[in-house]
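Here is the structure we will look at, set down as structure tokens.
Nothing in this text is a laboratory measurement; each read-out follows from the coordinates by a stated rule. Please read all numbers here as calculations on a predicted model, not as lab measurements. When we count neighbours, we look across all protein chains shown, and the Cβ atoms used for this are built from the backbone with ideal geometry, even at glycine.
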Amino acid sequence: MASRFSSVRSCALTATKALAVPGGQDRVALVFTPPATGSYQVGVDPGMDATDPGNLTLTLTTTPLELTLERHGEIVRLPWYAKASGVMTVGVLETVELDDKG
């Protein structure tokens, strides 16, 4: 049997691409919140740039980006990179599933 645990963290973003969430083999879900102002992009390409069609853009009017292992597969477990339209802090929820031993 396995147990699931979630944590919420703040992620400080700037216009320079940076690692937002490291990879995790136990991760089963990842949620990025929309920003209070401006926009930001997330993606799994460490070389991401503003024109990369693989980037997902979140704005004030978008809903949270919810990624699950069941719906989206192994991409949930990869490292995620982000860059913003300016300096901002966003929330990231990560859920992991750990095997109960014993």
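The relative contact order of the chain comes to 52 percent, based on Cα pairs under 8 Å that sit 6 or more residues apart.
A simple packing score, the average count of other Cβ atoms within 10 Å per residue, orders the peptides 39-47, 68-76 as 39-47, 68-76, with the highest score first. Remark on the stretch 2-99: Rg and Dmax equal 13.0, 40 Å (Cα only).
What is the local net charge at residue 92, summed over the other residues whose Cβ is closer than 15 Å to its Cβ (Lys, Arg +1; Asp, Glu -1)? Cβ neighbours under 15 Å give a net charge of +2. Sorting the segments 10-22, 81-93 by their residues' average number of neighbouring beta-carbon atoms within 10 angstrom, most packed first, yields 81-93, 10-22.
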